[in-house]
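Participant: Before I ask anything, let me first share the structure, which is written out below as structure tokens.
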Amino acid sequence: DIDVENHLVGGQIGARGNLLLGQRARLHATPKFGVFNNHITQIQRIWNLNGIAVVNVGYPLAGTPYDIDNSKDEVAFLAELDFGLDYRLSHHWSLNVGYRVVAITNVALASTQIPVAFPDIPGAQDIKNDESLFLHGGYVGATFAW
């Protein structure tokens, strides 16, 4: 069982640019960039019917339970780009459509915490946070202003 959580705390700076296309439509672009402290927590456990598994005889840490619970702090970077089209239907209603891209660096994923050798508990305790995430997708929305 491996559970890894990334908690980003920091600041972001950005801007929004609009290009008017007549009285009802406008294109927008919103780039943002942030620097964050990534507080990473990790819990790893191996167990069976008898409870928490232990390192087998013949290894340096023989008898040590495989029960890891640790954390560390690292710097993470986040960049975001949002661009799209807003269209005003009436005085109160507008529609918007766009595309958003978010990239995050220096995060820890559960899949990269799997140790090469399970008896190497110190190696498993070392949280690997050299992964990046790239999220993107389109969106459609409506806005009501009174």
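A short reminder: the numbers here are calculations on the coordinates, not readings from a lab. Bear in mind that the values here come from a model prediction, so they are computed numbers and not experimental data. Because the Cβ atoms are built from the backbone with ideal geometry, glycine has one as well, and the counts that use them run over all protein chains shown.
Participant: As an exercise, use a Förster radius of 41 Å and the Cβ-Cβ distance of Asp3 and Val140 to find the FRET efficiency, rounded to the nearest 0.05.
Facilitator: Efficiency at R0 = 41 Å is approximately 0.75.
Participant: Once phi is turned into ³J(HN,Hα) by the Karplus curve 6.51 cos²θ - 1.76 cosθ + 1.60 with θ = phi - 60°, what whole-Hz value does each residue of segment 87-103 show in order, with x for glycine and proline?
Facilitator: For segment 87-103, the Karplus-derived couplings read 10, 7, 7, 8, 4, 9, 10, 9, 10, 9, 9, x, 9, 10, 10, 10, 10 Hz, x marking Gly and Pro.
Participant: Mean projection of the alpha-carbon convex hull of segment 33-90 over all orientations, in nm²?
Facilitator: The orientation-averaged projected area of the Cα hull of segment 33-90 comes to 9.5 nm².
Participant: R0 = 35 Å: FRET efficiency of Ile52 with Ala103, Cβ-based, nearest 0.05?
Facilitator: Efficiency at R0 = 35 Å is approximately 0.40.
Participant: Apply the Kirkwood formula to segment 3-140: the hydrodynamic radius equals the inverse of the mean of 1/r over all pairs of different alpha-carbon atoms; give it in Å with one decimal.
Facilitator: 18.5
Participant: What is the spin-label model distance, in nm, from Lys72 to Arg24 if the labels are put 7 Å beyond Cα along the C-beta direction?
Facilitator: Placing both labels 7 Å beyond Cα along the Cβ direction yields 5.7 nm.
Participant: Using a Förster distance of 25 angstrom, determine the FRET efficiency expected from the C-beta separation of Leu85 and Ile13, and round it to 0.05.
Facilitator: 0.55
Participant: Which whole-angstrom value gives the distance between the alpha carbon centres of segment 86-105 and segment 17-78?
Facilitator: Answer, in whole Å: 29.
Participant: Amide H to amide H, which residues 5 or more places from Ala53 or on other chains are under 5 Å from it, using H placed in the peptide plane?
Facilitator: Long-range HN contacts for Ala53: Ile46, Trp47, Asn48, Tyr66.
Participant: Could you work out the Kirkwood radius for segment 102-145, taking every pair of different alpha carbons, averaging 1/r and inverting it, reported in Å?
Facilitator: Result for segment 102-145 stands at 13.4 Å.
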